[in-house]
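Here is the structure we will look at.
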Amino acid sequence: FKMCPGRVLCKLPCSGEKEVDLAVQSAKAAFKIWSQMSGMERCRVMLEAARIIREQRDEIATMETINNGKSIFEARVDIDISWQCLEYYAGLAGSLAGEHIQLPGGSFGYTRREPLGVCVGIGAWNYPFQIACWKSGPALACGNAMVFKPSPFTPISVVRLAEIFTEAGMPKGLFNVVQGGAATGQFLCHHPDVAKISFTGSVPTGMKIMEMAAKGIKPVTLELGGKSPLIIFSDADLENAVKGALMANFLTQGEVCCNGTRVFVERKILDTFTKEVVKRTQKIKIGDPLLEDTRMGALINRPHLNRVQGFIKQAKEQGAEVLCGGDLYVPDDPKLKNGYYMRPCVLGNCKDDMTCVKEEIFGPVMAILPFDTEEEVVERANATKFGLAGGVFTRDIQKAHRVVAALKAGMCFINNYNISPVELPFGGYKSSGFGRENGRAAIEYYSQLKTVCVEMGDVESVF
């Protein structure tokens with residue numbers, strides 16, 4: 001593998017209606033085999049897939065870095081989370097069960113937890129391999145098949161996942177990959193043999209997918225955008241809060257949907273906190289993402305880099321102050337000169353009504369906003385159409401629980417940020433989507449309940 005920033009990595013033909021139908025039919029055939037296997041049989045195959053990923057961790061991480069541009073340090077974490085996800089759902093596969101309910105007169109009822117069929121996963125470009133595992137893990141554990149469409153900007157690593165699933169012993173076609181953009185996604189959403197759609201991406205695209213799914217009465221899981229609040233109280237451990245703010249804004253070049261990009265800081269520590277954040281931000285090592293000491297790689301592509309730069313320009317026009325970064329970065333290495341690099345940016349003098357505070361930038365841009373009271377900051381934190389995540393830093397644990405209870409967000413962090421254990425459900429409120437990924441909660445979204453009522457006596461007829 002070699003880094004070739006700004007150059008074509010590979011060319012893949014887009015899957016048209018014919019290819020999508022072939023993928024769905026292939027998955028449908030594999031589903032007949034997989035769904036009839038016991039949970040323990042599925043468990044063993046999924047554990048083998050997790051073992052292969054764990055064994056090939058460094059190779060897959062390198063592929064993901066070239067695929068996305070994030071640092072190799074982060075990519076390894078993504079791959080670890082991926083195999084942990086498959087291990088977790090492998091463990092649940094053998095325990096999936098319904099209930100037995102005793103009824104009068106010796107009659108009884110029971111429920112069966114059954115798979116949906118062929119599920120569609122549509123992934124984003126910021127965590128290509130990890131998102132594919134987050135979606136396929138619970139889907140496959142429940143006995144479903146999956147057709148997955150990665151983002152056209154990051155098409156490569158998910159193909160390796162499909163190969164690994166086959167190597168692990170899954171029926172061929174159980175996890176199929178199709179390539180393409182919006183048109184391919186539309187063919188998937190409209191296909192009559194697709195039972196469910198899980199999408200990670202932008203709010204506008206999520207709305208379109210929901211509309212398309214409605215025509216076929218297909219259930220959907222939507223994990224969409226965010227503009228999450230990170231609240232720093234004056235009694236917080238300052239060192240920890242600063243590290244939390246960096247984690248909440250600059251992972252994967254800031255291209256993370258749950259990032260805490262509205263950093264509310266209690267006024268009495270505003271200057272101290274801001275000074276320390278700026279100092280740490282300026283020290284972030286940018287450059288070749290395959291180098292071990294690099295902590296920030298390149299943004300996904302030129303149009304996105306231009307879009308992020310446009311937000312910073314508009315922020316300055318609206319009165320925000322660029323405290324550091326925001327400009328393009330050109331590494332010393334000549335082979336990286338065409339890369340889509342920028343320095344991480346911290347904005348001060350921000351107001352709630354500024355575009356940079358209201359809209360999702362999806363880049364390494366942190367907006368700092370002062371506040372005075374708990375009641376005030378909770379109200380301002382919730383004054384957004386989004387509701388994906390939120391964070392609180394304070395030594396007062398009662399206050400921490402009180403504030404997160406008041407936040408209208410699906411994933412909240414106390415004295416940490418952007419920690420995503422596979423055991424915990426992940427998903428949003430409001431325009432950030434619905435449904436959950438990870439945890440036991442995801443099982444509900446990849447299975448359906450059948451109720452069976454058994455009469456042990458004569459039928460009681462009203463006729």
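A compact table of results
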quantity	calculated
The one condition in (1) under 30 Å from VAL378 (Cβ atoms); (2) open to solvent by less than 10 Å² (accessible area, probe 1.4 Å); (3) in a loop (DSSP other than H, G, I, E, B) that GLY180 fails to fulfil	(1)
Condition broken by VAL330, with the remaining ones in (1) aliphatic (A, V, I, L, M); (2) at pLDDT 95 or above; (3) open to solvent by 10 Å² or more (accessible area, probe 1.4 Å); (4) within 28 Å of PRO289 (Cα to Cα) satisfied	(2)
Sole residue being within 23 Å of LYS243 (Cβ to Cβ) and of a type in the set (Ser, Thr, Tyr), chosen from TYR429, TYR417	TYR417
Residue check, ALA400 over 21 Å from the mean Cα position of the chain (by Cα), open to solvent by 30 Å² or more (accessible area, probe 1.4 Å) and free of Cβ contacts under 8 Å to residues at least 60 places away in the same chain	no
Strands (runs of 3 or more DSSP E) fully within the stretch 83-146 counting 1 or more residues that are touching a residue at least 24 places away in the same chain (Cβ under 8 Å)	108-115, 118-122
Checklist (1) open to solvent by 50 Å² or more (accessible area, probe 1.4 Å); (2) closer than 22 Å to PHE148 by Cα applied to ALA30, failing item	(1)
Residue, nearest to PRO115 (Cα to Cα), within the stretch 147-166, restricted to residues that are without any contact (Cβ under 8 Å) to a residue 24 or more places away in the chain and aliphatic (A, V, I, L, M)	ALA162
MET247 in the same structural domain as LEU188 (by the TED database) and of a type in the set (A, V, I, L, M, F, W, C)	no
Cross-chain or 6+ apart pairs with Cβ under 8 Å, the stretch 167-178 first and within 16 Å of LEU47 (Cβ to Cβ) and of a type in the set (Asp, Glu), then modelled with pLDDT under 95 and open to solvent by 10 Å² or more (accessible area, probe 1.4 Å)	none
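The rows are residues; the columns are (1) surrounded by fewer than 22 Cβ atoms within 10 Å (Cβ to Cβ); (2) charged (D, E, K, R); (3) not assigned by the TED database to the domain that holds SER38.
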site: GLU114; (1), (2), (3): yes, yes, no
site: GLY123; (1), (2), (3): no, no, no
site: PHE129; (1), (2), (3): no, no, no
site: ALA139; (1), (2), (3): no, no, no
site: VAL147; (1), (2), (3): no, no, no
site: GLU163; (1), (2), (3): yes, yes, no
site: PRO171; (1), (2), (3): yes, no, no
site: THR184; (1), (2), (3): yes, no, no
site: HIS191; (1), (2), (3): yes, no, no
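The values are calculated or read from the model by the stated rules, or taken from the named source; none is laboratory data. The model shown is predicted, which means the values in this text are computed figures rather than measured ones. Neighbour counts are summed over all protein chains in view; Cβ atoms, including those assigned to glycine, are modelled from backbone coordinates with ideal geometry. Ligands, DNA and RNA are stripped out before the accessible areas are found, and what is left, the full protein with its side chains, is counted by its heavy atoms. Shrake-Rupley method; radii C 1.70, N 1.55, O 1.52, S 1.80 Å.
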